[in-house]
Structures are given as structure tokens and as C-alpha cells.
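Q: Here's a structure for you.
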Amino acid sequence: MKIALLPGDGIGPEIVAEAVKVLKALALPLEMQEAAVGGAAYAACGHPLPEATLRLAQEADAVLFGAVGDPRYDQLERHLRPEQAILGLRKALGLFANLRPAMCHAPLTHASSLKPELVAGLDILIIRELTGDIYFGQPRGRRSAPDGPFAGSEEAFDTMRYSRPEIERIAHVAFQAAQKRQGRVTSVDKANVLETSQLWRDVVCDVHRQYPGVQLDHMYVDNAAMQLARAPRQFDVIVTGNLFGDILSDEAAMLTGSIGMLPSASLNDKKQGLYEPSHGSAPDIAGQGIANPLATILSAAMMLRFSLNQPEAAARIEAAVQSVLAQGLRTPDIASEGTRKVGTREMGDAVAAALA
Ligand code: NAI
Ligand code: MG
């Protein structure tokens, strides 16, 4: 089982080191190899996704990724910015399905931005399409406005675009995930306004005919944002496009207490996947040894389950995380009165120890 380790920038190396510690404690035949990505790779060789890094990722069964993004490189041309590395990897590996569970771990219900009674037992899976939508649609650019009330002024535009096969494959992922959960899918769009959303809704309905055991409903994205904050437990699986999914998954993250708790998986149509915490490189706390490594450790568990066919090992890691939280250990982002504040390393050590 070959794993490519891409720690990246900011807190990336700190949190990936803890996930590696936990993986090693499993004593499985895992072959892990590390490469530079993002700003770290740009600093070393002038490109955020060097050829050697890409090859390592392509040849691996799974990629464990930290985060990319470094304020020192914010002014670079877009194709050289650290964030391009993750987009390049998604594209090269054909990763089209982003799975983001938002679970409220029992000892952390008070850490949510919502009242505990609204989030206790929360278990949502947000499935975000990753390869289409306004992030990649052409044409895009800047120009002088050709007409309208602001003709002659500078304007910028992007193109929202989805094709039927792209929507079909993500819909299948959602219905199949729902079959293993509570059997409910909510498809989120803006079909009252957008042409892409009308196609999205048509295709999701067509695919749904193959899954009669799954209940499907549709929701406009503005209402979905409101419902997530009002009564989040009404959802089981949410499936949506790239832009809406980006926003809703961050909103759902807050319901669970900290973005530092949330893992994610990005899968292609083989079983290859890229696993990373839902958060970014957190430059504001990088190097301080206080980042929460649990999102990355839980991402490693998803990796064992979805790409490496080791569901028991995945469950062991998840149980170890639960037990460490139950013991009261907290990084500062999830700390509260009466708990024991620990740093990144101590948290990783505790999870590794709890595996035994
Ligand atoms: P962020 O997720 O890095 O940070 C948002 C806030 O959450 C910060 O206050 C940070 O300290 C906190 N936070 C994040 N992860 C944490 C953890 N594990 N433990 C404790 N606190 C944590 O998002 P932000 O600030 O918008 O972006 C920072 C950089 O990360 C940017 O360059 C951005 O482009 C990049 N980014 C990269 C992503 C990726 O690699 N997939 C995803 C999102 C952002
Ligand atoms: Mg985001």
C-alpha cells in the first residue's frame, strides 16, 4: 500500500507528521514517501506542483495531503500560487467527488456555534462536485465592458458550466453513499435562476430512478444555507456543485465546533483518493505547535477505508480519536473549561497511544 505524503505549507507539515505517527502505530505494511507541494515546492524549485510530486501522487494508492497556501506568495501569477497545486492534483488524478463528513463528536457538542440540542448526534455527509462549475468554466477573464450601463469600465467574468456526465457520476456517488447511511439525499442547486442548476436537477432526478430505495429532495442553495444553521440534523447526504459545495461545507464545518476536526476525501472512479483536512494552511498559527491534527488523522482513517481497503484500521483510528476526546484532551481551537489543553504533538501522541 503506497501512500504519497504531501505536507505542503503553514501547519501542513505539523499535522501530517501526527497522522504519519498514528499510521505507523497501526503496524500495517504501508509504504510512505514524501514530496514537496504548494509554496514549499515553489520555494524549492519554482513550481507549486513539480513533475516529481505529481508522479509520486499518480503512482500511489492514496495521497495524504496537508494544506497549501502561503501569504508570501499571494502576489504571484495565478498559475504559480500554492493553491494551484491542489487544483492540479485534482485534475491529474481525475478526482471529481469530494466527501466531507460533518459530525458532531459527543464531547464537543458545546464547541459548536449552535445550541448543543441542535447539533447533538449531527452526522451529515456533504458531497461536492470538484471538476466543473464556475471554477473551471471558460471563457473567463477581464475586459472593458462592451455594453450596458457600465460600458467601457473594467469588468471581470467567469462561466458556470456543467455537463450531463459530470452530474451523473457525482449523483451516483451520492445515492450509493446514502444507501450505506440513512438513505436520504438532498440535492442543492439554484434552479430558480441558473441554467446549470436546471440541468443539474434534471440529471439528478434521472439518476435517482436507479435508486428507488433512496429518498431524494431538492433545495435551493440559499435555503440550504439557512436550514444548515436552523436545523442541521434534517440532512443525511447533501450533493451539490463545486461552488455551492465549497461554501456549504465550510458552513457545516462550523456546526461541528472546529474546522480542525473535519476530514475530507476526494475520489476518482478507481479507488484512488486524496485525503486532506477541510481547513487550509492556517498561517496565523503555523509553527506554534497548537494546530489541531485530528482532521488530518481522521482523513488518514478515511484513506484506510476508501482507498486501502482497511476498514478495521480506519475504525480503530476513529475510536482512538473518540477516546482521546473523552479523556478531555483539547487543542486550543476546541478547548473549553475543565478540559486539558494540549499541543499538536501531544494530541498525536495520545491518539497513537490510544490505538494500543
Ligand atoms: P484556514 O482554514 O487555513 O484557516 C481559517 C481559520 O481556522 C484560521 O483562524 C486558522 O487558524 C483556523 N484553523 C484552520 N485549521 C486549523 C487547525 N487544524 N487547528 C486549529 N485552527 C485551525 O483558512 P484561510 O485562513 O482562509 O486560508 C489560509 C490559507 O490556506 C490560504 O492561503 C488559503 O488559500 C489556503 N487554503 C488551502 C486549502 C487546501 O490546501 N486545500 C483549503 C483552504 C484554504
Ligand atoms: Mg473552502
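Q: Looking at the range 257-299, which of its residues are more than 14 Å from ligand 1 (Cβ to nearest atom) and among the acidic types (Asp, Glu)?
A: If the condition is that a residue be more than 14 Å from ligand 1 (Cβ to nearest atom) and among the acidic types (Asp, Glu), then 269 is the only one that fits.
Q: Also, I was wondering about something else. Against the conditions (1) under 29 Å from residue 59 (Cα atoms); (2) crowded, with 24+ Cβ neighbours inside 10 Å; (3) at pLDDT 95 or above, where does residue 238 fall short? Just the number, please.
A: Of (1) under 29 Å from residue 59 (Cα atoms); (2) crowded, with 24+ Cβ neighbours inside 10 Å; (3) at pLDDT 95 or above, only one is false for residue 238: (1).
Q: Restricted to the range 25-51, and to residues that are in contact (Cβ under 8 Å) with a residue 24 or more places away in the chain and under 22 Å from residue 318 (Cβ atoms), which residue is farthest from ligand 2 (Cβ to nearest atom)?
A: 29
Q: I'm checking my understanding of the structure. Among residues of the range 25-53 that are within 16 Å of ligand 1 (Cβ to nearest atom) and in a helix (DSSP H, G or I), which one is surrounded by the fewest Cβ atoms within 10 Å (Cβ to Cβ)?
A: Taking the candidates together, the pick is 43.
Q: Enumerate the strands (runs of 3 or more DSSP E) found wholly within the range 81-181, keeping only those where 2 or more residues are farther than 29 Å from residue 275 by Cβ and among the polar types (S, T, N, Q).
A: 137-144
Q: Quick check on residue 293: is it closer than 19 Å to residue 130 by Cβ and touching a residue at least 40 places away in the same chain (Cβ under 8 Å)?
A: No, not satisfied.
Q: Determine if the range 130-137 includes at least one residue that is exposed (fewer than 13 other Cβ atoms within 10 Å of the Cβ) and either of a type in the set (Asp, Glu) or within 30 Å of residue 327 (Cα to Cα) (or both).
A: No, the conditions are met nowhere in the range 130-137.
Q: Further, regarding this structure: Hey, does the range 276-294 have a residue that's crowded, with 23+ Cβ neighbours inside 10 Å, within 16 Å of ligand 2 (Cβ to nearest atom) and not in a loop (DSSP other than H, G, I, E, B)?
A: There is at least one residue in the range 276-294 that is crowded, with 23+ Cβ neighbours inside 10 Å, within 16 Å of ligand 2 (Cβ to nearest atom) and not in a loop (DSSP other than H, G, I, E, B).
Q: Which residue out of 254, 302 is closer than 30 Å to residue 203 by Cα and either crowded, with 24+ Cβ neighbours inside 10 Å or within 16 Å of ligand 1 (Cβ to nearest atom) (or both)? Steps first, answer last, please.
A: Working: 254 fails: closer than 30 Å to residue 203 by Cα.
One residue alone meets the criteria, 302.
Q: Would you say residue 88 is surrounded by 13 or more Cβ atoms within 10 Å (Cβ to Cβ) and more than 22 Å from residue 240 (Cβ to Cβ)?
A: Yes: the conditions hold for residue 88.
Q: Hey, does the range 314-330 have a residue that's buried (at least 22 other Cβ atoms within 10 Å of the Cβ) and of a type in the set (Asp, Glu)?
A: no
Q: Continuing with the same structure: Enumerate the pairs (first residue in the range 233-255 and in contact (Cβ under 8 Å) with a residue 24 or more places away in the chain; second residue anywhere and within 12 Å of ligand 2 (Cβ to nearest atom) and assigned to a helix (DSSP H, G or I)) with beta-carbon separation below 6 Å, excluding pairs fewer than 6 apart on the same chain, so at least 6 apart or on different chains.
A: If the second residue must be within 12 Å of ligand 2 (Cβ to nearest atom) and assigned to a helix (DSSP H, G or I), the pairs left are 242/135; 253/259.
Q: Confirm whether residue 68 is within 13 Å of ligand 1 (Cβ to nearest atom), under 16 Å from residue 10 (Cα atoms) and either of a type in the set (A, V, I, L, M, F, W, C) or loosely packed, with under 14 Cβ neighbours inside 10 Å (or both). Walk me through it before giving the result.
A: Details: within 13 Å of ligand 1 (Cβ to nearest atom): yes; under 16 Å from residue 10 (Cα atoms): yes; either of a type in the set (A, V, I, L, M, F, W, C) or loosely packed, with under 14 Cβ neighbours inside 10 Å (or both): yes.
Here the answer is yes, as residue 68 does meet what is asked.
Condition check ((1) of a type in the set (Gly, Ala, Ser); (2) assigned to a helix (DSSP H, G or I); (3) under 20 Å from residue 167 (Cβ atoms); (4) away from ligand 2 (no atom under 16 Å from the Cβ)) across all residues:
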site	(1), (2), (3), (4)
217	no, no, yes, yes
227	no, yes, no, yes
245	yes, yes, yes, no
266	yes, no, yes, no
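Q: Further question: Here are the criteria: (1) free of Cβ contacts under 8 Å to residues at least 12 places away in the same chain; (2) within 17 Å of residue 264 (Cβ to Cβ). Tell me which single one residue 148 does not satisfy.
A: (2)
The values are calculated or read from the model by the stated rules, or taken from the named source; none is laboratory data. On a predicted model such as this, the values are computed, not experimentally measured, just so you know. Ideal geometry is used to build each Cβ from the backbone, glycine not excepted, and the neighbour counts take in all protein chains shown.
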